[in-house]
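Engineer: Here you go, one structure.
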Amino acid sequence: MPDLPLDYSTPKSTKRSIWDKILRPFNIYFYTRSLMSIVRCSKILNKDNYYDLFIGHCNDIVTSVEATGANIEAYGLDNIPKEPCVIIGNHMSTLETVTLGGIIGKRAKISIVIKESLLKYPYFGDILRKLECISLTRTNPVHDLKKILKEGPKLLEKGTTIIVFPQHTRGAYHPEDFSSIGVKLAKRSKVPVVPLALDTRLWGKGKLISDLGPVSRDIPVRYSFGEPMIIEKNEKEIHSKCLDFISKELEKWGAYKP
């Protein structure tokens, strides 16, 4: 597989914020800045141009990552088609959920398949509802499949691209944990599939509060979008190609060791 073009990389002139250095214990600066972006985003949901504002707040969190001294890279953004599609990616941390709107930008209006518990989060849950995210139990596969095959096609018909993380839980990448729910949705809706490999180990899991873990500034944050694929009668083949793309990209980055 040829290397994908590097569409974005943190400018070399970007410097770590002095406040991040001062407030290094417990990563206070990073989390405060990111959480404030989420709160501000939740306050503009009734505006006509809310989606453009949502992108801006996602970019604020991208900037918050760069303010810690970490680098962000995005590859293959031109592989995201203009028409709605299903993006299938691995799920490492909270970071991709709050930054993908900024990374993808205006190339596509997105919605994300999430676990139901996220809707209970203050402010964040309001944003997810406005984005018409599809909430799943993650414990009842039959119920989840029926729900995504009912709600997903309606969103795609409206022109919304859907991002699916088909792992049972976020964290290390294990291909055997990937369900085929994403390719089933794409096949039902007759839209392309775009594989997404991401490395967001920067935002680690916390011991006391899962979403407030260590920040690993020395690990670059990376997003890589593969070429779109059409599903006809080759559902298992497309699912396998998605896994293969993600595996190779993560292995190249040192984020996956089979």
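Engineer: Being crowded, with 21+ Cβ neighbours inside 10 Å, of a type in the set (Gly, Ala, Ser) and over 15 Å from Val86 (Cβ atoms) narrows it down to one residue among Ser216, Ser224, Ser240; which is it?
Structural biologist: Of Ser216, Ser224, Ser240, the one residue that is crowded, with 21+ Cβ neighbours inside 10 Å, of a type in the set (Gly, Ala, Ser) and over 15 Å from Val86 (Cβ atoms) is Ser224.
Engineer: Here is a further query. Quick one: would you say Glu157 is at pLDDT 95 or above, buried (at least 16 other Cβ atoms within 10 Å of the Cβ) and among the acidic types (Asp, Glu)?
Structural biologist: no
Engineer: Name the residues in region 121-152 that are farther than 22 Å from Leu35 by Cα, touching a helix residue (DSSP H, G or I) at 6+ places or on another chain (Cβ under 9 Å) and among the hydrophobic types (A, V, I, L, M, F, W, C), would you?
Structural biologist: Ile134, Leu136, Leu145, Ile148, Leu149, listed by residue number.
Engineer: If you check Thr137, Thr161, which single one turns out to be free of Cβ contacts under 8 Å to residues at least 60 places away in the same chain and of a type in the set (S, T, N, Q)?
Structural biologist: Within the list Thr137, Thr161, the selection yields Thr137.
Engineer: Any residue at all in region 179-194 that is farther than 30 Å from Ala70 by Cβ, surrounded by fewer than 23 Cβ atoms within 10 Å (Cβ to Cβ) and in contact with an Asp or Glu (Cβ under 6 Å, 6 or more places away or on another chain)?
Structural biologist: Within region 179-194, one or more residues are farther than 30 Å from Ala70 by Cβ, surrounded by fewer than 23 Cβ atoms within 10 Å (Cβ to Cβ) and in contact with an Asp or Glu (Cβ under 6 Å, 6 or more places away or on another chain).
Engineer: Further, regarding this structure: Being under 18 Å from Ile219 (Cβ atoms) and not small (Gly, Ala, Ser) is the filter; apply it to region 30-50 and report the residue that is surrounded by the most Cβ atoms within 10 Å (Cβ to Cβ).
Structural biologist: Out of the qualifying residues, it is Phe30.
Engineer: Between a first residue in region 71-89 that is under 24 Å from Thr10 (Cα atoms) and a second residue that is acidic (Asp, Glu) and outside any strand (DSSP E or B), which pairs have beta carbons less than 9 Å apart while being 6 or more apart in sequence or on different chains?
Structural biologist: Here the result reads Ile72/Glu66; Tyr75/Asp3; Tyr75/Glu249; Gly76/Glu227; Asn79/Glu227; Gly89/Glu96, each pair linking region 71-89 to a residue that is acidic (Asp, Glu) and outside any strand (DSSP E or B).
Engineer: Then there's this: Considering only residues that are in contact with a Leu (Cβ under 6 Å, 6 or more places away or on another chain) and either over 22 Å from Pro228 (Cα atoms) or among the acidic types (Asp, Glu) (or both), which ones fall in region 133-151?
Structural biologist: Ser135, Asp144
Engineer: Can you tell me which residue in region 144-185 is nearest to the chain's Cα centre (by Cα), limited to those that are assigned to a helix (DSSP H, G or I) and of a type in the set (Gly, Ala, Ser)?
Structural biologist: Per the criteria, the residue is Gly182.
Engineer: Do any residues in region 1-23 that are in contact (Cβ under 8 Å) with a residue 40 or more places away in the chain have Cβ atoms under 6 Å from those of residues that are assigned to a loop (DSSP other than H, G, I, E, B), where the two are at least six apart or on different chains, and which pairs are they?
Structural biologist: Leu4/Gly76; Thr10/Asn71; Arg16/Gly69; Asp20/Thr68
Engineer: Residue check, Glu132 against (1) part of a strand (DSSP E or B); (2) at pLDDT 95 or above; (3) of a type outside the set (Gly, Ala, Ser), all met but one. Which one?
Structural biologist: (1)
Engineer: In region 235-258, which residues are outside any loop (DSSP other than H, G, I, E, B) and over 17 Å from the mean Cα position of the chain (by Cα)?
Structural biologist: Glu235, Lys236, Glu237, Ile238, His239, Ser240, Lys241, Asp244, Lys248, Glu251, Lys252, Trp253, listed by residue number.
The values are calculated or read from the model by the stated rules, or taken from the named source; none is laboratory data. All of these numbers come straight from a predicted model, not from anything done at the bench. For neighbour counting, all protein chains shown are included, and Cβ atoms are generated from backbone atoms with ideal geometry for every residue, glycine included.
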